[in-house]
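All remarks here apply to the structure that follows.
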């Protein structure tokens, strides 16, 4: 069967900035039913390419095709409310010119997104501004939607509502997003903007890293065949992926151990208290909250934010706070860290706490300062990191900078580079507790990867407010869910663990609007209590198998590192390359199976407890 005709397409498109091609000869198309994501490194031109599709930027070469009569809707990262007195005025502009008298459609979509159409758009919060821009994108029933970072500043109920809305959308969809969980669920096709060209695959975003590694391996093999040296950037990219995968496996094992310990703390009650009390003299206790409550007077009466909440947070714990906007996450965070007194109850803080805050909106950078001056404000070339003196040129490499940028001014850096510089400055400051309030907003994928890496290695205590489900799952040992009615409950594990553990009777802190049930719920299966003998045996054997595969891969990679191998013995080079690819696939499958069995074991043992 022939593929569907494109609704919009680019053919041989070239865009240049400052005489340098940003991308050259780009071909891509979006057809009805497409759900594609556009990925690429920071600064590669993703937003620019989307603006070309939206007709906002004219290319320097090539053609932009739009099917006659087709409607395209574009969601920018930063909406422009100029000339609009109210939210309703802004959203109505999303209707076709001959349908702008159908105000009921505007009211309907604003109601679904819970935005007051009479508000002045200049007074909106980040979340309200994003929902307003989404309303304008959705109201015109477009044939193609081009969405640039649609989840920025949205809370989890709105993100999940948006996912359902987009899953039922029958037109073409192109997404740019740093939210992995969002892309994993929606994207069935991946477009990768890489070094000025677009690569395409019918595999979803969940398989992007595997596909990316395959592309790099193929390019490396081609480079050997041409008997030329691989570009340093290519080598760095490929080694970075391999190293990150190895580090992540170690972190996953450590995180599972920490979550198991946190589960015992939450369940253990008084028994755990006795053991902890003995360790408090050594500074193990970071925060102890006992029966804390907080409320505020509103025009409609007293609103309870948190009621009778207790927790004990120890050194090394990583605690996430989730809930809809307005549920009280920031208020609870301020109480736990001593910035706000509770109305009732007590908060006890540990001794010798050195706290670091990450919020890129509050951290200031002087645009005239250089990277060197930001990191070494008192002169010199040394940065103290975890008590160890490091040369600033080596340190910035950890944050994806080239050493040639050391004396570049801040004003010359891209938005993603500025965020990475903020991270570098933050982690150069000694701390044993870190507070992150919505750190993933406006971060590009590279910087988000970097933030996960450095936080995964952080040895202090972490308190994190976030709506990014994947980010929470990868980092936190416990989740405090605020339900919006004054209820706050702590669960062991990340966001996915919260979904499993929350009581069925509780309204989830991140649930979308309820839908009528179409079928009766299935009876819950009785937990078996432990893995089967076969699964437990497989789980026990997998670590040794993964270690063995890792050693074999290292040996094969060492053999392929010989630049003369292809010229000397092409057949051996080809065979070794095939063996390496097979072993890497085996290792990836073994890692996935280990994670699956470990999660199954945790769930079964939790059910038994």
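The values are calculated or read from the model by the stated rules, or taken from the named source; none is laboratory data. These figures come from a predicted structure and were not determined experimentally. Ideal geometry is used to build each Cβ from the backbone, glycine not excepted, and the neighbour counts take in all protein chains shown.
Scoring residue 74 on the criteria (1) part of a strand (DSSP E or B); (2) at pLDDT below 95 leaves a single failure, condition (2). When residue 97 is tested against the conditions (1) over 23 Å from the mean Cα position of the chain (by Cα); (2) touching a residue at least 40 places away in the same chain (Cβ under 8 Å), the lone failure is (2). Set side by side, the residues 383, 374, 388, 392 differ, and just one is more than 26 Å from the chain's Cα centre (by Cα) and more than 21 Å from residue 447 (Cβ to Cβ), which is 388.
Within segment 47-62, is even one residue touching a residue at least 60 places away in the same chain (Cβ under 8 Å), in contact with a strand residue (DSSP E or B) (Cβ under 6 Å, 6 or more places away or on another chain) and farther than 15 Å from residue 144 by Cα? Yes.
Within segment 12-64, the set of residues being loosely packed, with under 15 Cβ neighbours inside 10 Å, at pLDDT 90 or above and more than 25 Å from residue 184 (Cα to Cα) comprises 12, 55, 56, 58, 60, 61, 63.
Here is a yes/no grid of residues against (1) crowded, with 16+ Cβ neighbours inside 10 Å; (2) modelled with pLDDT of 85 or more:
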site: 191; (1), (2): yes, yes
site: 197; (1), (2): no, yes
site: 202; (1), (2): no, yes
site: 209; (1), (2): no, no
site: 219; (1), (2): no, no
site: 224; (1), (2): yes, no
site: 235; (1), (2): no, no
site: 240; (1), (2): no, no
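Among the residues of segment 374-393, what is the count of those that are in contact with a strand residue (DSSP E or B) (Cβ under 9 Å, 6 or more places away or on another chain) and part of a helix (DSSP H, G or I)? Total meeting the criteria: 2.
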